[in-house]
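Notes follow once the structure below has been shown.
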Amino acid sequence: MDFFEYKHGQLYCEDVPAEKIAAQVGTPAYVYSKATFLRHYRQVVEAFAPLKAMVCYSIKSCGNLHICRMLAQEGCGFDVTSGGELYRALKAGGDAKKIVYAGVGKTDQEIIDAINAGIAAFNLESEAEIENIDRIAGQLGKTAVGALRVNPDVDPQTHAKTATGKKQSKFGVDIERAAGVFERYRTLKHLRITGVHIHIGGPVYQTEPYVLAVEKIVALIEQLQRRGHSIEWFDLGGGFGVNYEGPDQALPIAEHAKALIPLLVDKPYRIVLEPGRYIAGNAGILLTRVLYCKTGGEKRFVIVDAGMNDLIRPTLYESYHHIWPVKPDAANVPVQRSRGEEPRGGQVVDVVGPICENGDYLARNRPLPPVQRGDLLAVFTAGAYGFAMSSNYNNRLRAAEVFVDGQQFRIIRRRETYDDLVRPEEAMGQ
C-alpha cells in the first residue's frame, strides 16, 4: 500500500493535495511519500526478520541524498553500482560496512575508493575483475572482500532488458564455472572471496524464480563448503515486483519471504538483500500538466509537459504506468484506490511529451477521463527508475523532486535552470 489516495475529489500525497504541490513547485515534478518509503523498507526488514537479513537499498533506483539519508537513519545499508553511488551512500551517512558494490565495469579508481572506504564487499563479476581487485588491494596494502556473482540460469519472466540471471547475461559467471572460480582463486593474498551473490532481474512477480535460484545457490554453497571454502554470506539481490497496473499485481514481500525463509533459515552464513524498486517504486509519482489536446488521423493525443527525458521507462521497457487526472470529474474519482479505474466518459488517447522523438510517450492507447489544457495529471509508480534515469535530452531541464511528510512538503532537489545546462561547458573558458 502507498500513501497516494483520492480524497475530497482530488489526489493527495499523504495529507497534502497534489495540486498544491504543483502550484508551488511547478511541473514536471517528482513527488515522494516519506511514509511509503518507510513502510516498504520496514516491510522488507520484518518479512525477512527470521534470517536477520542485511537490507541494502539499491541506490540506482532512486538516489536522492535526502531519501538515502532517511534510510541510513533507519539502519539501512546500500547497494551501489558506481563511484558516484558510493559517494552518495557515504555522503548520506551510510555505514561503509553495510555497503555492497556491484557492476561489471568497476574502474581502478572506483575500486580504490571503495577499498579505502572499507565497504562490506564487492560483488565480483568476472575472473579479470577478481585479479584486478586483488592487485589493487595489494598496492594499497589492504585486503578486500568479495562475493562471486553467479548466474543461476533462471528465467525471471520479466523484460529482456532487465533479466540479469541467465547464462547469456553480461553479469557474473555461469553457475557451472562458479566452483572452479573459487578453487582457482582460493589462495589470493589481498582479496578474500567469502560470499556468493545473485540478482536474477526485475521486476519479478512470482516466487518460483527466486526459489529455483536460491535452491541452486544453496547447493553450490554446500559443495564449496565441502571443499573447505569459508562462505560467510549469500546476497540474494533484489528485483521484487511492485504494483504498476493495479493494487494486486505484485505479491506482498511477505509472500516472497515465506517461500525463501525455509530454504535459508539456520544457514551458517549471513543473508543480504538488495531491494530498490520494492522500496521506492510506489513511493513516488510524476506530476505533469496538459499542454494541448489534438488528433492525428484516428489517434487522439494528450500532450503534456513531461517527456521521455523525465520518465524513459515506457519507451525503453514498454512499461505501464497508470496515469490519471489529479482532479478528475466527479464521475471518475477513484472510489478506493488510485489505480485500476476505468473512465466512464473519456476517450482512448496517447499521452505524449514534447521531445522530438516519436518514441516520446508516457502511455499509448490508454483510456483517460476528459482533460483539457492546464489539467494536472499524475503518473503513478514513478519512484523507482524515474528521476534516476532522467536526462537533459533536447536540453530540457530536469524536474524538481519533492518530499512529503504528513502535512508538510519540501523541495529536495530544485528544478534545473538554463545556467545549469551550460555551466560545465562555460567553466572550460573560451
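Details
- Condition check for Val379: closer than 16 Å to Thr27 by Cα and free of Cβ contacts under 8 Å to residues at least 60 places away in the same chain: no
Rundown of residues vs (1) touching an Asp or Glu at 6+ places or on another chain (Cβ under 6 Å); (2) crowded, with 19+ Cβ neighbours inside 10 Å; (3) in contact (Cβ under 8 Å) with a residue 40 or more places away in the chain, yes/no style:
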site	(1), (2), (3)
Val302	no, yes, yes
Arg313	no, yes, yes
His322	no, yes, yes
Asp329	no, no, yes
Glu342	no, no, no
Asp350	no, no, yes
Pro354	no, no, yes
Asn358	no, no, no
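- Single match in Asp2, Asp15, Asp108, Asp113 (criterion: on the phi < 0 side of the Ramachandran plot and modelled with pLDDT under 95): Asp2
- Strands (runs of 3 or more DSSP E) lying entirely in region 6-75 (those with 2 or more residues that are in contact with a Leu (Cβ under 6 Å, 6 or more places away or on another chain)): 29-33, 54-58
- Qualifying residue in region 370-389 (condition: touching a Leu at 6+ places or on another chain (Cβ under 7 Å), hydroxyl-bearing (Ser, Thr, Tyr), assigned by TED's automatic domain parsing to the domain that holds Ile21 and surrounded by 18 or more Cβ atoms within 10 Å (Cβ to Cβ)): no
- Residues of region 296-323 that are of a type in the set (Lys, Arg) and modelled with pLDDT of 95 or more: Arg300, Arg313.
- Those residues of region 255-273 which are part of a helix (DSSP H, G or I) and among the basic types (Lys, Arg), in sequence order: Lys258
- Filtering region 135-152 to residues that are in contact with a Phe, Trp or Tyr (Cβ under 8 Å, 6 or more places away or on another chain) and either at pLDDT 95 or above or within 20 Å of Glu232 (Cβ to Cβ) (or both) leaves Ala144, Val145, Gly146, Ala147, Leu148, Arg149.
- Hey, Gly307 closer than 25 Å to Glu245 by Cβ, of a type in the set (Gly, Ala, Ser) and in contact with a Leu (Cβ under 9 Å, 6 or more places away or on another chain) or not: yes
- Options Val204, Val214: the member that is at pLDDT 95 or above and within 24 Å of Tyr101 (Cα to Cα): Val214
- Some residue of region 385-408 being more than 23 Å from Thr315 (Cβ to Cβ) and not in a strand (DSSP E or B): yes
- Residue-level analysis places Leu291 among those that are touching a Lys or Arg at 6+ places or on another chain (Cβ under 8 Å), surrounded by 13 or more Cβ atoms within 10 Å (Cβ to Cβ) and either part of a loop (DSSP other than H, G, I, E, B) or not β-branched (Val, Ile, Thr) (or both).
- If you filter region 113-135 down to residues that are within 16 Å of Leu90 (Cα to Cα) and in a helix (DSSP H, G or I), you find that the one that is nearest to the chain's Cα centre (by Cα) is Ala114.
- Checking Pro314 against (1) closer than 30 Å to His197 by Cα; (2) touching a Gly at 6+ places or on another chain (Cβ under 8 Å), the condition it does not meet: (2)
- Every residue from region 167-207 that is without any contact (Cβ under 8 Å) to a residue 40 or more places away in the chain and more than 17 Å from Glu129 (Cβ to Cβ): Lys167, Gln168, Glu176, Thr187
- Scan of region 76-105 for residues that are among the small types (Gly, Ala, Ser), in contact with a helix residue (DSSP H, G or I) (Cβ under 6 Å, 6 or more places away or on another chain) and either in a strand (DSSP E or B) or surrounded by fewer than 20 Cβ atoms within 10 Å (Cβ to Cβ) (or both), ordered by number: Gly77, Gly83, Gly93, Ala96
- Checking each residue in region 390-412 for being over 24 Å from Asp360 (Cα atoms) and surrounded by fewer than 21 Cβ atoms within 10 Å (Cβ to Cβ) picks out Asp405, Gly406, Gln407, Gln408, Arg410, Ile411, Ile412.
- Selected residue [of a type in the set (D, E, K, R), out of contact with any helix residue (DSSP H, G or I) (no Cβ under 8 Å at 6 or more places or on another chain) and in a loop (DSSP other than H, G, I, E, B)] from Glu222, Glu245: Glu245
The values are calculated or read from the model by the stated rules, or taken from the named source; none is laboratory data. For clarity, every value in this text was computed on a predicted model and none was experimentally measured. Positions of Cβ are backbone-derived with ideal geometry, glycine not excepted, and every protein chain shown enters the neighbour counts.
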